[in-house]
Protein chains: 2
Amino acid sequence: MSRCTATYRLYDDKADFRKKAESIAVGMTVGSWTELPQAKRESMQKHLGEVLQVDVHEPEGAAPGERYADVTIAYPDINFSRDIPALLVTVFGKISMDGKIKLNRLGFSDHFVQGFPGPKFGIAGIRDILGVHDRPLLMSIFKSVIGLNADELREQFLRQALAGVDLIKDDEILFENELTPIEKRVEVCLKAAEAAQKETGKKLLYAANLTGPTSSLKSQAKKAIGAGANALLFNVLSYGYDVLHELSSDPEINVPIAAHPALAGAFYPSPHYGISASVLLGQLMRLAGADLVLFPSPYGSVTMPKAENMAIRDELISRELPMKASMPVPSAGIHPGLVPLILRDFGTDVVVNAGGGIHGHPMGTEAGGRAFVQAIAAAQQSIPLAQYAEDGHPELKAALDAWGGER
Amino acid sequence: MSRCTATYRLYDDKADFRKKAESIAVGMTVGSWTELPQAKRESMQKHLGEVLQVDVHEPEGAAPGERYADVTIAYPDINFSRDIPALLVTVFGKISMDGKIKLNRLGFSDHFVQGFPGPKFGIAGIRDILGVHDRPLLMSIFKSVIGLNADELREQFLRQALAGVDLIKDDEILFENELTPIEKRVEVCLKAAEAAQKETGKKLLYAANLTGPTSSLKSQAKKAIGAGANALLFNVLSYGYDVLHELSSDPEINVPIAAHPALAGAFYPSPHYGISASVLLGQLMRLAGADLVLFPSPYGSVTMPKAENMAIRDELISRELPMKASMPVPSAGIHPGLVPLILRDFGTDVVVNAGGGIHGHPMGTEAGGRAFVQAIAAAQQSIPLAQYAEDGHPELKAALDAWGGER
């Protein structure tokens with residue numbers, strides 16, 4: 001019997017967690033069991049959920065509110081259609097509202113996973129496009145773009161491109177607007193990218209923000225691709241995972257998709273409720289086909305505990321899934337001094353992603369990008385940043401002076 | 001300048017909440033302000049967010065963790081497209097991940113609201129279809145339907161219909177399946193509804209669960225309507241509000257839509273994070289066009305604090321919005337003894353919704369439905385349930401004996 005699993009953390013000072021787990025396993029599948037006649041039980045057996053594990057954590061002298069259990073339940077695939085909405089409603093629909101319960105992990109059956117082609121490009125595919133295989137990638141974020149016209153946008157794009165970044169992404173709060181509709185943004189920015197490439201010799205991906213009514217997203221994406229778009233940015237959680245899945249599995253949408261974590265904080269930070277960051281931004285983003293996944297780093301301004309960050313990364317690259325790996329993009333408050341930390345924690349398969357850390361550089365945007373390029377080069381060679389900075393890299397030196405080095 | 005507003009609760013033991021609010025108002029709109037040259041400020045003024053209110057709650061001798069502020073910020077409509085994903089990303093995208101912050105209320109500008117026709121039927125329209133204007137409606141929920149074939153489904157439907165309920169809804173975990181695809185469910189159930197109507201004289205709405213890939217939902221809905229469906233059930237939060245909005249504003253989907261709250265518990269229960277129940281299940285469900293909205297009641301098994309329930313109801317029926325009112329459906333663990341409480345809190349414009357309280361009745365499903373019909377009649381006449389039960393209503397008496405009366 002093919003089954004998906006869900007692991008929850010339940011907090012309760014007194015509950016019989018085993019009983020509670022059984023009631024979830026029955027209640028979220030066949031509804032009732034003990035009352036069923038024997039013949040009915042036989043036909044229902046294949047639909048019945050099963051408690052696989054109950055680990056009660058009850059330290060001696062635990063204060064009120066500290067007692068919890070990690071519970072894993074298996075749900076027969078036969079009960080739900082092979083899509084993320086059905087899976088989520090099955091494993092966390094009603095019970096999300098029933099006391100202190102957090103969904104901490106999913107386990108996908110082979111059968112379920114086969115419904116998901118996953119990322120079209122993934123880490124290797126993005127590297128192939130850019131022709132960069134041996135170092136972390138560098139992404140720059142448009143800043144303060146609301147109200148800018150196409151010329152102003154082009155100007156900001158060019159400065160970032162000349163800095164030598166590999167990817168540039170739209171601000172996630174830039175929606176369809178009259179000044180810079182997506183096909184126009186793509187057109188002016190990619191022209192600027194070409195101009196910059198003549199100077200830098202570097203290829204560049206520009207992730208344009210895909211917005212608007214759900215039913216128009218595919219045509220918007222194709223319009224953008226028609227105008228030359230070579231990547232897309234998408235606010236997945238405001239639309240739903242299934243929308244990303246449909247976009248990523250459309251053969252005509254043949255560019256990498258970067259998933260933005262906007263709204264994720266409504267789900268993951270509470271210990272008692274919601275969905276863990278590794279399910280939300282790790283397992284489900286990859287399943288739905290995100291080639292790159294942004295999430296708050298443990299280093300910068302908007303922070304997430306490091307263990308959760310590592311759990312996201314593990315899910316994005318885990319070999320347990322047959323699909324391509326998604327590129328982790330720890331974000332927010334990143335400055336060059338943090339680069340060695342990022343590489344230590346994530347290895348080479350990571351995107352160093354900066355907004356303020358590039359645009360806010362004391363010597364300007366171009367210098368801001370170069371400081372990161374230098375920091376990555378130093379970290380790759382295990383040269384201390386301060387030493388590398390002194391060694392003829394004034395942009396890195398200015399960044400370290402402004403924001404500090406490794407912490 | 002037309003603007004939408006968002007009210008947040010921020011917890012922090014030390015923060016300068018005014019400064020924090022200013023940083024949100026600037027950061028989530030124009031990005032930076034103090035650094036901008038004067039000329040740029042003039043052109044950017046119309047895009048700039050504004051802090052409208054900061055109420056700091058800092059009781060003397062407050063324990064750590066108790067200090068908070070309620071902050072209201074106005075966001076110019078010109079910054080975002082007129083859809084719910086854009087609004088949510090604008091007001092709660094990045095900042096949902098930035099410390100203890102909960103989105104507690106939205107304020108919609110006239111301009112924004114004009115993009116949303118709202119519920120096609122609403123309370124009045126549902127009453128017109130059913131021909132019932134003077135009493136609460138009664139809804140019954142299919143139970144334990146996974147694995148049932150069409151005959152078994154029909155049988156369960158008929159028993160509920162004969163009990164005299166006004167609406168019957170699918171279990172939200174019943175997805176597209178080979179045994180009972182939506183058009184087959186609709187066909188057999190509505191035939192049973194007709195048969196029952198000959199006995200009861202009552203019209204009946206059957207809300208069939210709309211599931212499957214996002215892009216197929218409209219055609220699924222039309223297939224169901226073609227087969228005679230007179231209502232739909234939809235797991236809104238697993239698909240996104242915009243999908244509901246697109247369904248509800250399609251002229252061919254001319255039946256009431258009931259919004260199920262599956263997954264809502266991942267957002268609303270924490271005091272520190274997420275989105276309040278009144279935004280999630282009140283404001284946004286109505287805006288997106290739900291005719292009926294289910295949510296956990298404060299009475300039953302899966303509970304929500306009463307103040308939150310009343311806040312949902314207020315948003316569903318508020319005259320501040322120009323659109324039709326959505327019907328509140330407080331759910332979970334409802335039994336006949338609770339009917340007077342429900343009417344006291346919600347008035348007449350409410351759906352009394354029961355699953356176990358009907359199917360689990362000691363005298364069977366039909367008696368379970370009749371017990372509710374009796375409880376509603378008694379409560380409408382302000383007759384104590386116990387008295388009405390003794391007065392020739394054995395089904396109500398059995399229910400009160402089993403589950404108790406008003407608490």
Exercise. Just report the Cα centroid separation between the stretch A:1-69 and the stretch B:331-370, whole Å.
Key: 27 Å
Quiz item: Considering only DSSP states other than H, G, I, E and B, which GluC sites (Glu not before Pro) in the stretch A:1-71 qualify as loop sites with at most 12 other Cβ atoms within 10 Å?
Solution: A:E35, A:E60, A:E66
Self-check item: Electrostatic dipole magnitude of the stretch A:122-403 [Cβ: Lys, Arg +1; Asp, Glu -1; Cα centre; debye, to 20]
Solution: 220 debye
Practice problem: May I ask you to give the percent of accessible area on the protein assembly as shown that is carbon plus sulfur, with a probe radius of 1.4 Å? | Solution: 50 percent
Quiz item: So which residue, out of B:Q38, B:Q197, B:Q114, gets the largest mean-square fluctuation from a GNM of chain B using Cα contacts under 10 Å as springs?
Solution: B:Q38
Quiz item: Measuring label to label, 7 Å along Cα→Cβ, what does B:P117 give against each other copy in nm, shortest first?
Solution: 3.4
Quiz item: Given label points at 7 Å from Cα along Cα→Cβ, what nm distances, shortest first, separate B:K222 from the same residue in every other copy?
Solution: 1.7
Quiz prompt | chain A - accessible surface per residue (Å², probe 1.4 Å) | solution = 36 Å²
Quiz item: How many Å³ per residue does the convex hull of the Cα positions in the stretch B:3-113 occupy?
Solution: 100 Å³
Exercise. For the stretch A:182-270, state which trypsin sites (Lys or Arg not before Pro) are in a DSSP loop and have at most 16 other beta carbons lying within 10 Å of their beta carbon.
Key: A:K203
Self-check item: Given charges at Cβ of Lys, Arg, Asp, Glu: the protein assembly as shown dipole, positive-most of B:Q220, B:I376, B:G405
Solution: B:Q220
Practice problem: Among B:M310, A:A229, A:G99, pick out the residue whose Cα is farthest towards the positive end of the charge dipole of the protein assembly as shown, where Lys and Arg carry +1 and Asp and Glu carry -1 on C-beta, about the Cα centre. | Solution: A:A229
Self-check item: Which of A:A262, B:V165, B:A264, positive extreme of dipole for the protein assembly as shown (C-beta unit charges)
Solution: B:V165
Exercise. Could you state how much accessible area is buried at the A-B interface, both sides summed, with a 1.4 Å probe, in Å² to the nearest 100?
Key: 4900 Å²
Self-check item: Number of partner chain Cβ atoms within 10 Å, mean per residue of A:76-87
Solution: 5
Quiz prompt | Relative contact order %, chain A, counting alpha carbon pairs below 8 Å whose residues are six or more apart | solution = 16 percent
Quiz item: Highest GNM mean-square fluctuation, chain B, Cα pairs closer than 10 Å: which of B:M327, B:M139, B:M363?
Solution: B:M363
Practice problem: Using only atoms on other chains, find how many Cβ atoms lie within 10 Å of each Cβ of peptide B:174-181 and report the average. | Solution: 3
Quiz item: What is the mean number of Cβ atoms from other protein chains located within 10 Å of the Cβ atom of each residue in peptide B:237-249, rounded to a whole number?
Solution: 5
Practice problem: Mind putting a number on the dipole of the protein assembly as shown about its Cα centre? Charges go on the C-beta only, +1 for Lys and Arg and -1 for Asp and Glu, and I need it in Debye to the nearest 20. | Solution: 480 debye
Self-check item: Projected area averaged over orientations for chain A, convex hull of C-alpha atoms, nm²
Solution: 22.2 nm²
Self-check item: Taking N as its residue count, the alpha carbon Rg of the stretch B:224-294 over 2.2 N^0.38 Å
Solution: 1.17
Quiz item: Under 25 Å Cα-Cα from B:K19, which lysines qualify once same-chain neighbours fewer than 8 residues away are excluded?
Solution: A:K143, B:K40, B:K46, B:K94, B:K100, B:K102
Exercise. Treating cross-link reach as a plain straight distance, find the aspartates and glutamates whose alpha-carbon is under 19 Å from the alpha-carbon of B:K306, omitting any fewer than eight places away in the same chain.
Key: A:D98, B:D314, B:E315, B:D345, B:D349, B:E406
Exercise. For the stretch B:100-196, state which GluC sites (Glu not before Pro) are in a DSSP loop and have at most 14 other beta carbons lying within 10 Å of their beta carbon.
Key: B:E178
Self-check item: Column: log10 I(q)/I(0), Debye, Cα scatterers of the protein assembly as shown, q = 0.05, 0.06, 0.09 Å⁻¹
Solution: -0.27, -0.39, -0.87
Practice problem: Could you list which residues have their amide H under 5 Å from that of A:L205, counting only those 5 or more apart in sequence or on another chain, with H placed in the peptide plane? | Solution: A:L167, A:I168
Exercise. Quick one: with label points 7 Å out along Cα→Cβ, list the inter-copy distances for B:T348 in nm, shortest first?
Key: 7.5
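The values are calculated or read from the model by the stated rules, or taken from the named source; none is laboratory data. What you are looking at is a predicted structure, and each value in this text was computed from that prediction instead of being measured. Counting neighbours? That spans all protein chains shown, and the Cβs are built from the backbone with ideal geometry, glycine included. For the accessible areas, the whole protein counts, side chains as well, though only heavy atoms, and no ligand, DNA or RNA atoms are used. Shrake-Rupley method; radii C 1.70, N 1.55, O 1.52, S 1.80 Å.
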